[in-house]
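Student: My structure is below; once you've seen it, I'll send some questions.
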Amino acid sequence: MPDISEQEISQKRLLEINTALESGMFVYVRKMFQNMPAYDIALLLESSTSRSRTILWQLTDADLQGEILEELSEEVRKGILKNMQPEKLAAVAEGMDIDDLAEVLRTLPDSVYNEVLNSMDSQDRTRVEQALSYEEDTAGGIMNTDTITLRPDITIDVILRYLRLKGELPEATDSFYVVNRQDKFIGSVSLATLITARPEQTIDEITDYDTVPVPADTEESEVAKLFERHDWFSAPVIDADGRLLGRITIDDVIDIIREDAEHSMMSMAGLDDEADTFAPVLKSTQQRSIWLGVNLITALMAVAVSSMFEGILAEMAILAVLNTLVPSMGGVAGNQTLTLVIRGMALGHIGENNSRIILNKEIAVGFLNGLIWALFIAGIVAIWKQDIVLGGIIAFAMLMNLTVAGLAGVATPLFLRKINIDPALAGSVILTTITDVVGIFAFLGTATWLLGK
């Protein structure tokens, strides 16, 4: 019997639930939800229309709604929160992790935000406000304050008895953090070390003092790199004075990596990485129109260059046929370089110290590729049209454009990063404009010079 993928199971379940909703079998849907984890319910909500989401949300178990909100994308979550009463949201917030709750609260109107905060006990309110005091995309913004701290002079036996009385550990606990009386971070003790140590030993004897804490203002992308570099499962977060604030766990980092990947993919199409697949038609149209407008403006620049050579295009129809070839090759070559450089920048491989090296390398690659394909296309055109000069013209244009494509593919993302614009969002449009303009001008300009009368 062939294996059934998770995607097929999800689609089958979605069809079953939609059929039940259309038939008014709400009790049946509610029972189905009772046996489903929060992630699967979140996936079903994201795969449904706005109208169906409202009904489905009302059928979910109130005790599970906090976990479901944690799993939803920002746009879908906003749509659900918009229809929730503040007191209802406050009740849901009680079961959420501090970092996830802080993320939810950032999307709320001020009146609702304050009402939810006021409904919490003082301890939870303080922890949430602390998380909200940091930027959303920093270590402080994604950390969880739910952690157990140890003092270096306490014995293992005392700690183990305390943990037994507590009954449970914070989720994803693999280490405990050691602090002094001023709550300044000293080191860490792994869970494995703690439970295998002799009861009479003190925490000081088994503490790893080489543990590297993460400053609260560290950007989340840098946090992900640190986890990858050190193979961490969790990491302590400290403030400017070295005091322990909380911890970041591997599940938070996986979310960062996934969001970065989605952002890069969607940005290249000019879309928001949190865009709702089933958003209303007018909203989707508005979001995409802006980017289409930008593309139209850049395309008009290429058209303007072509219009400068209307005379020779009217005289020689073959030039109009071949005119798309050079910009197309330049665009593909440039986007190859652009993608490579953006990836290198994201991984930390490319910086100011080695940007000149990669620039020279890609110019050389562009020149060699240009030379190879220039000779190839020149031969085809010369044989096809029995015109060596025409073959030479397109060869020169191809060589020029592929060389410029290599240069622009490196220079564009480096320049955009310098002026704090996301290269993944704007790089492709700028690059395509450059290769179109240079390709058309090189080809038609040279043709006018050599073939014009």
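The values are calculated or read from the model by the stated rules, or taken from the named source; none is laboratory data. This structure is a prediction, so every number in the text was calculated from the model and none was measured. Here the Cβ positions follow ideal geometry from the backbone for every residue, glycine too, while neighbour counts run over all protein chains shown. These area figures cover heavy atoms from the full protein model, side chains too; ligands, DNA and RNA do not enter into them. Shrake-Rupley method; radii C 1.70, N 1.55, O 1.52, S 1.80 Å.
Student: I need the full set of residues from segment 42-96 which are in contact with a Gly (Cβ under 6 Å, 6 or more places away or on another chain) and not in a helix (DSSP H, G or I), in order please.
Tutor: G95, M96
Student: I would also like to ask the following. Looking only at segment 168-182, which residues are open to solvent by 60 Å² or more (accessible area, probe 1.4 Å) and either under 32 Å from the mean Cα position of the chain (by Cα) or free of Cβ contacts under 8 Å to residues at least 60 places away in the same chain (or both)?
Tutor: E168, L169, E171, R181
Student: Kindly evaluate E228 against the criterion of being over 30 Å from R161 (Cβ atoms) and surrounded by fewer than 19 Cβ atoms within 10 Å (Cβ to Cβ).
Tutor: Criteria met by E228.
Student: Could we say that E205 is in a helix (DSSP H, G or I), modelled with pLDDT of 90 or more, over 21 Å from P170 (Cα atoms) and open to solvent by 40 Å² or more (accessible area, probe 1.4 Å) here?
Tutor: In short, yes.
Student: Right, something else. Can you list the helices (runs of 4 or more DSSP H) found entirely within segment 109-167 that contain at least 1 residues being free of Cβ contacts under 8 Å to residues at least 40 places away in the same chain and open to solvent by less than 60 Å² (accessible area, probe 1.4 Å)?
Tutor: Because the criterion is at least 1 residues that are free of Cβ contacts under 8 Å to residues at least 40 places away in the same chain and open to solvent by less than 60 Å² (accessible area, probe 1.4 Å), the helices (runs of 4 or more DSSP H) in segment 109-167 that meet it are 110-118, 122-132, 156-166.
Student: With respect to R198, determine if the residue is without any contact (Cβ under 8 Å) to a residue 12 or more places away in the chain and either open to solvent by less than 40 Å² (accessible area, probe 1.4 Å) or not aromatic (F, W, Y) (or both).
Tutor: Spelling it out, it is not the case that R198 is without any contact (Cβ under 8 Å) to a residue 12 or more places away in the chain and either open to solvent by less than 40 Å² (accessible area, probe 1.4 Å) or not aromatic (F, W, Y) (or both).
Student: Also, quick follow-up: Select from segment 341-387 the residues that are touching a residue at least 24 places away in the same chain (Cβ under 8 Å), open to solvent by 80 Å² or more (accessible area, probe 1.4 Å) and of a type outside the set (K, R) and list them in ascending order.
Tutor: Once the filter is applied, which keeps residues that are touching a residue at least 24 places away in the same chain (Cβ under 8 Å), open to solvent by 80 Å² or more (accessible area, probe 1.4 Å) and of a type outside the set (K, R), segment 341-387 yields F367, W373.
Student: Just one of L21, L105 is at pLDDT below 80, open to solvent by less than 30 Å² (accessible area, probe 1.4 Å) and over 29 Å from the mean Cα position of the chain (by Cα); which is it?
Tutor: L21
Student: May I ask you to say which residue of S5, S48, S10 is buried (at least 18 other Cβ atoms within 10 Å of the Cβ), polar (S, T, N, Q) and at pLDDT below 80?
Tutor: Going through S5, S48, S10 in turn, just one is buried (at least 18 other Cβ atoms within 10 Å of the Cβ), polar (S, T, N, Q) and at pLDDT below 80: S48.
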